[in-house]
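Trainee: One structure, as structure tokens, below. Some questions next.
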Number of protein chains: 2
Amino acid sequence: MVGAKKQIVILGGGFAGIYTARTLERMLRPEEADICLVNRENYWVYQPMLPEVISGSIALMNVVCPIRRLCPRTNLVMREVEDIDLTNRIVTVSPGFRPRAKKIPYDYLVIALGEVTNYYGMPGMLENAMPFRTLADAITIRNHVIHVLEEADCEDDPDLRRKLLTIVVGGGGFSGVEVVAELNNFIHEVKKNYRRLREEKVRCVLVHSRGRILPEMAEPLALFAQKILKKRGVEIILNDRLVAATSEKAILKSGLEVPCKTIISTVPSANPPVLQKLDCAKDKGSLLVTTALELVGHEGSIWALGDCVSLKTVSGKVVPPTAQHATREATTCAANISAAIRGGKPAQFTFEGLGTLGSLGHGSAVAQILGVKISGWLAWMLWRNLYLFKLPGLKSKVRIGIDWFMHLLFPADLAQMRLEHESGIKNQHFEPGDIVFHEGDLGDSVYVIEKGECDVIKEEEAGPKLVATLQAGNYFGEMALLSDVTRNATVRASTALDVLLIPKGDFNRLRQSVPAFGEVFSELARKRTGRDN
Amino acid sequence: MVGAKKQIVILGGGFAGIYTARTLERMLRPEEADICLVNRENYWVYQPMLPEVISGSIALMNVVCPIRRLCPRTNLVMREVEDIDLTNRIVTVSPGFRPRAKKIPYDYLVIALGEVTNYYGMPGMLENAMPFRTLADAITIRNHVIHVLEEADCEDDPDLRRKLLTIVVGGGGFSGVEVVAELNNFIHEVKKNYRRLREEKVRCVLVHSRGRILPEMAEPLALFAQKILKKRGVEIILNDRLVAATSEKAILKSGLEVPCKTIISTVPSANPPVLQKLDCAKDKGSLLVTTALELVGHEGSIWALGDCVSLKTVSGKVVPPTAQHATREATTCAANISAAIRGGKPAQFTFEGLGTLGSLGHGSAVAQILGVKISGWLAWMLWRNLYLFKLPGLKSKVRIGIDWFMHLLFPADLAQMRLEHESGIKNQHFEPGDIVFHEGDLGDSVYVIEKGECDVIKEEEAGPKLVATLQAGNYFGEMALLSDVTRNATVRASTALDVLLIPKGDFNRLRQSVPAFGEVFSELARKRTGRDN
């Protein structure tokens, strides 16, 4: 051992980060190095089982494991990574209770920050589509789906009821397929508890950009999965993809529009912002690493692994972003850090995968293991047993085993676990012809046009009358809030329209506290009332 | 049976509302009446076990039961009650996905809306104290407590660490006692997983306004509970109460201040706003009902029960707001609605209680059953068995039984289940002398003074220098946001200070969209920079 105790900092607590920390804890003596792991959550998620959280067949918290118990010798910092200073070897993380940046110096750095869902260039997706990646995403989706069922049950308008009962899932890879399968199973299981929905049709639509789903698998298995999904009622739209969304519909590249209140999209992915701004060798945005997992240009001090890297094995094969590869990368990475500390030759990454597995729920799955293709119940048993076996910790194994057993005996849970919060100032997107609000609606927010145009229309005896056309920089909707009456006109987007939406509560608080802000809207209301008369 | 099918509307899904619906489903034939229940959640909470959710000894969702499964013949409307029109017999509920009010007409109305926590006249409590009443409250408290432990573990400032490790609970009734007991047990159990907290002292402080806790119980039992809590390290402050709070401390009536980052208050209670504005007979704010549970002045058409009413038994005893009374009230109420429909004499409420039970966790409880006082392990076994037995539905019984068994084998779960959301525009309260922000802090929000005054102080070589004094209507904190630098001065409250806090994200969005808003702050920043030079 040479010199002082080394500081190893691991960024990210997914499969790659956690398995690196665990392996380092085993390999290194406490006096050789301190291990610090930065993650925005204090738990690690068992990603393959996350879709089952949506349907409630695994309880919310049973799919996660506290990092402090998985890596007892690691110092966990539950913050966001905000900046990596490669020159001074310092990681800056987000502030905690006090607004001060926290800086963490490192001798050796492991970057395993994964990917994020990125809707750049897809209007309205950020505002209306739900990504599926984290536990919070899964819970949000579950709560939203229960919410639309509840609303559909007490809704009298058949148009709105149909929208509430339509769910669009974008992306036909493992993640999208498992999500749509679980959602479809869940809804059909709980529908009977909704007295007015028993006879209603529920549409679950899967949209995929290629000619068949599951590009990760051999064609026969993908076709098997398609057949099973269709048999259960899932609609599959191939060779098309989500390009835009509003609060009322999903819009596909082909021009097809699916009226719906629920859009989930598992694609497209991008590196997290902190890595996007990192100045280092990259391949189509992903960090470029050597076959020893070293960040190119920073060999011997920085390693990168998991979904955020572009990695090839020694034999030149591209390494896919899966858990089985991430855990093997972690072993190589930990060994190479140990070699850097103790001296020694770095190991190369040679693992080329054992196979692929995807669950379709309800006793069905597809698997391709060491070249053998299996589908149906056998694949499903394999899926469950393999993943249960791979779960670290006896507690998790027991808990998930019990959940699965309970789900055989009792129907799926349908309680909606909602945490209260006002929605706050936000953006919204409308397509041409969309109604922003109807005359007679309750006034719940004020709108500022950021891009596009809209028409203000009044219902008169002679028919609808165009009262005004508004454009970027204009405000509307203030009247109903200032006078506490219902909307006195209908507003309809005449082009693609992007607005900033200030909800009633925030509007009133700002109006009271910043008089100049309130004056803008009062003045406008005075003008508009004058014009009306 | 006389006339058309009757519409029965039940408001509230607590013990009182749910048991009324269940009893009505049994008593009435489907052709006699439609039953509609309005509740903001689609589940019913088993309130006595809610404190165990905080500590994780019962899993989040196992303490609730879907209302649709408990009351299969009832139409559930998952909305908030906004208005009760006694004249036209119409209930208005909050809008769903569309901003339109929903109106529900009734022939017979059951009001069982419970109580809310009300911090009126207690500065800073709304902003800084967490109520404990709903499942969302329990989850919020759990997440917050895990958050302070995580932050304490990576915090270097010993002062802040002490604040992070101090928890104040207001109210020494059943609810407050069970919460402080569970929290104290939980923290001591998980502390060993926090590498830097193992040797740190954690303070759990219970504040109660009278001379002893548990006013609902006989003195010897209350003293036993006090002894147990103290033995486990809980500090008990008697004859005092919370009167104000800031983000840094709890302030008691005696003038005592407890520096802390966690305040939970189970008191005081008030009727929900929709009942406050209801024009009917009341007793100290609670709805006044007859011994047949009829709302005074609306006999034969409106019944009220549960925590929102003032009720005396036939023998004149005041009925306490507990689950055992609420379920009996529900039986009487359902019988009387049935009598109103079919004709018959209303039943009177005569139930006078079987006893009281309170858990202290960790194998200890206090009980007073049919006059017999029990404490310790026997009372605890009684508590667990009785409540498990009382749980409706086999699934809930099995799930909670498993949770309790798992908790014997494995340590408490410490994963923090956080749902992402930006915090938005909010209020904050400071006491004289409190620091709003320090020179050098990151600029995370802009402040508008609503009440009080504060000093702007700069650190200079000769020592701190007072630069300005600001008062109601003034803004501050804009400089760091406009120029994206750290705070260039310290701001300290010189009186009690109430501010509106506009976070960076909202500030920038408003500035871009409403130029007049941005101009207010830019102008101010120009003036202030001029003055500085």
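Rule-based calculations on the coordinates, nothing more; no lab input. In this text, all values refer to a predicted model and were calculated from it rather than measured experimentally. A quick note on method: Cβ atoms are made from the backbone with ideal geometry, for glycine too, and the neighbour counts reach across all protein chains shown.
Trainee: Taking the label point 7 Å from Cα in the Cβ direction, how far apart in nm is A:K5 from each other copy of itself, listed shortest first?
Mentor: In nanometres, ordered from closest: 7.4.
Trainee: Could you pull the copy-to-copy label distances for B:A281, with points set 7 Å along Cα to Cβ, in nm to one decimal and sorted shortest first?
Mentor: Here B:A281 shows inter-copy label distances of 8.6 nm.
Trainee: Hey, another quick one. Put a label point 7 Å from Cα along the Cβ direction on B:S483, then list its distances to the equivalent points in the other copies in nm, shortest first.
Mentor: For B:S483, the inter-copy label distances come out at 4.6 nm.
Trainee: Hey, with R₀ at 56 Å, roughly what FRET efficiency would A:N385 and A:E523 work out to, going by the Cβ-Cβ distance, to 0.05?
Mentor: Values: r = 69 Å, r/R0 = 1.23.
FRET efficiency, A:N385 to A:E523: 0.20.
Trainee: Here's another thing I want to ask about it. Out of B:A367, B:A339, B:C308, whose Cα points farthest toward the positive end of the dipole of the range B:241-379 (charges: +1 Lys, Arg; -1 Asp, Glu; placed on Cβ)?
Mentor: Toward the positive end, the furthest listed residue is B:A367.
Trainee: For the modelled label position 7 Å from the Cα of B:R196 along Cα-to-Cβ, which residues of the range A:70-112 have backbone nitrogen atoms closer than 13 Å?
Mentor: A:75-79, A:96-97, A:102-105
Trainee: Right, something else. Where the only charges are on Cβ atoms (+1 Lys, Arg; -1 Asp, Glu), what is the dipole of the protein assembly as shown about its Cα centre, to the nearest 20 debye?
Mentor: Values: 130 positive and 122 negative charges, 652 e Å.
It works out to roughly 3140 debye.
Trainee: Here is a follow-up. What residue in chain B has the Cβ closest to the axis turning B into A, and how close is it in whole Å?
Mentor: B:G424, 2
Trainee: Which value in nm describes the separation of the simple spin-label points at A:A218 and A:R98, placed 7 Å from the Cα toward the beta carbon?
Mentor: If labels sit at A:A218 and A:R98, their model points lie 6.1 nm apart.
Trainee: Calculate the length of the line joining the C-alpha centroid of the range A:1-64 to that of the range A:195-247, in whole Å.
Mentor: The distance from the Cα centre of the range A:1-64 to that of the range A:195-247 comes to 34 Å.
Trainee: Using Cα atoms only, what is the angle between the long axis of helix A:323-342 and the major principal axis of chain A, expressed in degrees (0 to 90) to the nearest 10?
Mentor: Compared with the principal axis, the helix lies near 50 degrees.
Trainee: Let me know the charge dipole size of the range A:255-393 about its Cα centre in debye, to the nearest 20, where only the beta-carbon of Lys, Arg (+1) and Asp, Glu (-1) is charged.
Mentor: Dipole size: approximately 260 debye.
Trainee: Please identify every one of the trypsin sites (Lys or Arg not before Pro) in the range B:87-153 that sits in a loop by DSSP and has no more than 11 other beta carbons within 10 Å of its own beta carbon.
Mentor: none
Trainee: Moving on to the next point. Could you size up the charge dipole of the range A:414-530 around its Cα centre, putting +1 on the beta carbon of Lys and Arg and -1 on that of Asp and Glu, and report it in debye to the nearest 20? Could you put the intermediate results ahead of the total?
Mentor: Details: 13 positive and 19 negative charges, 54 e Å.
Around 260 debye, computed over the range A:414-530.
Trainee: Taking a point 7 angstrom from the Cα of B:I90 along the C-beta vector, which residues in the range A:140-175 have backbone N less than 17 Å away?
Mentor: Inside the label zone: A:156.
Trainee: Could I ask something else about it? From the square roots a ≥ b ≥ c of the eigenvalues of the alpha-carbon gyration tensor of the range B:435-497, which class results: rounded (a/c under 1.5), prolate (a/b over b/c), or oblate?
Mentor: Details: a/c = 2.10, a/b = 1.11, b/c = 1.89.
Because a/c hits 1.5 or more and a/b fails to exceed b/c, the range B:435-497 counts as oblate.
Trainee: Would you work out which of B:P220, B:G233, B:V267 lies farthest towards the positive end of the dipole of the range B:195-272? Charges go on Cβ: Lys and Arg +1, Asp and Glu -1.
Mentor: Result: B:G233, furthest along the dipole toward the positive end.
Trainee: Oh, and also: Given 25 °C and 0.890 mPa s, compute D for chain B with the Stokes-Einstein relation, Rh being the Kirkwood radius over Cα pairs; round to the nearest whole µm²/s.
Mentor: After rounding, the answer is 95 µm²/s.
Trainee: Can you tell me the orientation of helix A:15-27 relative to chain A, as the angle in degrees between its alpha-carbon axis and the longest Cα principal axis, to the nearest 10?
Mentor: Once rounded, one gets 30 degrees.
Trainee: Okay, moving on. Please name whichever of B:Y46, B:P30, B:G17 sits farthest to the positive end of the charge dipole of the range B:1-96, dipole taken about the Cα centre and charges placed at Cβ: Lys and Arg +1, Asp and Glu -1.
Mentor: Farthest along the dipole direction, towards plus: B:P30.
Trainee: Quick one: if you stick a label point 7 Å off each Cα along the C-beta vector at A:E459 and B:E80, how many nm between them?
Mentor: That separation, rounded to one decimal, is 2.7 nm.
Trainee: Using only helices, what value at 222 nm comes out for chain B when you add -39,500 (n - 2.57) per DSSP H run of length 4 or more and divide by the total residues, to the nearest 500 deg cm²/dmol?
Mentor: -9500 deg cm²/dmol
Trainee: Sticking with this one: Please identify every one of the GluC sites (Glu not before Pro) in the range A:283-361 that sits in a loop by DSSP and has no more than 14 other beta carbons within 10 Å of its own beta carbon. Write out the running numbers ahead of the final one.
Mentor: On the way: sites: A:E294, A:E299, A:E329, A:E352; in loops: A:E299, A:E352.
Qualifying residues, ordered by number: A:E352.
Trainee: With the cut-off at 1.5 for a/c, could you classify the protein assembly as shown from its C-alpha gyration tensor as rounded, prolate or oblate?
Mentor: Details: a/c = 1.23, a/b = 1.22, b/c = 1.01.
It is rounded, given that a/c, with a ≥ b ≥ c, falls under 1.5.
Trainee: Follow-up. What shape does the range B:1-131 have by the C-alpha gyration tensor, where a ≥ b ≥ c are the square roots of the eigenvalues, rounded means a/c under 1.5, and otherwise prolate means a/b greater than b/c and oblate the rest?
Mentor: On the way: a/c = 2.33, a/b = 1.42, b/c = 1.64.
Oblate shape, in that a/c is at least 1.5 and b/c is the bigger or equal ratio.
Trainee: Using alpha carbons only, how many degrees (0 to 90, rounded to 10) separate the axis of helix B:377-390 from the longest principal axis of chain B?
Mentor: On a 0 to 90 degree scale, this one is about 70.
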